[in-house]
Amino acid sequence: MKKLPRVLIVEDEPAIAELIAVNLRHNGFQPIWSEDGESAQRELDAVLLDVILLDWMLPSQSGLVLARKWRADSRTKPIPILMLTARGDEPDKVAGLDAGADDYITKPFSTQELLARIRAVLRRRAPEQVSDSVTIGDLALDAGTYRVTFQGQPLKVGPTEFKLLHFFMKHSERVHSRSQLLDKVWGDHVFIEERTVDVHVKRLREALGAAGVMVETVRGAGYRLTAQPPALLRA
Ligand code: CA
């Protein structure tokens, strides 16, 4: 028998959880429902799941806290997290992506939309499991150990910035438009605005410190990572 993808639904409202579970079951997924972070943790300890649907507003620990916790745990780190949120404003989306969520879906959503997002995170997640490392100039990134160093010094880079940097480094010197970056780094995100890219590029530069100048803005075109930015050559 074919193994059905297991989806953990962390949602405190039974009516919503039930509706999601029924739809998932009808579409070839195996739903598991937890009404709070504690019971979700027990499920995760017992069995490895394929996707987590995580409600933002939960009774004790919020979805944001849980996403952060599960991202920090090497066992749960590879599981895609799709956040369910009633809020639609940008700072929350950025906060959730920083916490390690792979995508968002804003309530109320259609079944088709939810299924499409689940399939998309499952597709996207798979190739990222391959660990590799890349070095551009004095900047080095190791996707296996999740480490970034500049001139041998370790840098602290958030999860979204790490993905962005990984992409830039694998495709250095080339200019990438905001929409290309959304597509390649975030996935098929029609719901994320292009200025989200600017927010994360800004954070990436800050995280890179002296190496931040390697991430160049190409006016009217987008961004690129270059091994020899003028500012570094002058230094
Ligand atoms: Ca809720």
Tell me which of these residue 220 doesn't satisfy, since it passes every other one: (1) surrounded by 14 or more Cβ atoms within 10 Å (Cβ to Cβ); (2) farther than 15 Å from residue 159 by Cα.
(1)
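Taking into account only those residues within segment 15-33 that are touching a Phe, Trp or Tyr at 6+ places or on another chain (Cβ under 9 Å) and of a type outside the set (A, V, I, L, M), which is farthest from the ligand (Cβ to nearest atom)?
Quick first cut of segment 15-33, residues touching a Phe, Trp or Tyr at 6+ places or on another chain (Cβ under 9 Å) only: 17-18, 20-21, 23.
Okay, now just the ones that are also of a type outside the set (A, V, I, L, M), so 18, 23.
Values: 18: 14, 23: 18 Å.
Applying the filter and picking the extreme gives 23.
Can you report the number of residues in segment 149-162 which are closer than 29 Å to residue 220 by Cα and touching a residue at least 24 places away in the same chain (Cβ under 8 Å)? Full working, then the answer.
Kept after step one, since they are closer than 29 Å to residue 220 by Cα, are these residues of segment 149-162: 150, 157-162.
This time we only want the ones that are touching a residue at least 24 places away in the same chain (Cβ under 8 Å), so: 150, 157-161.
So the answer is 6.
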Checking residue 41 against (1) assigned to a loop (DSSP other than H, G, I, E, B); (2) of a type outside the set (Gly, Ala, Ser); (3) more than 15 Å from the ligand (Cβ to nearest atom), only one condition comes out false. Which one?
(1)
Look through segment 52-88, keep the residues that are hydroxyl-bearing (Ser, Thr, Tyr), within 12 Å of the ligand (Cβ to nearest atom) and not in a strand (DSSP E or B), and return whichever of them is surrounded by the most Cβ atoms within 10 Å (Cβ to Cβ).
62
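Would you mind finding the one in 12, 36 that is in contact (Cβ under 8 Å) with a residue 40 or more places away in the chain, surrounded by fewer than 18 Cβ atoms within 10 Å (Cβ to Cβ) and within 13 Å of the ligand (Cβ to nearest atom)? Working first, answer last.
On the way: 36 fails: in contact (Cβ under 8 Å) with a residue 40 or more places away in the chain.
12 is the lone residue from the list that is in contact (Cβ under 8 Å) with a residue 40 or more places away in the chain, surrounded by fewer than 18 Cβ atoms within 10 Å (Cβ to Cβ) and within 13 Å of the ligand (Cβ to nearest atom).
Just so you know, all these numbers are worked out from the coordinates, no wet-lab data involved. Small disclaimer: the values here were computed from a predicted structure and weren't measured. Cβ sites come from the backbone with ideal geometry, for glycine too, and all protein chains shown count toward neighbours.
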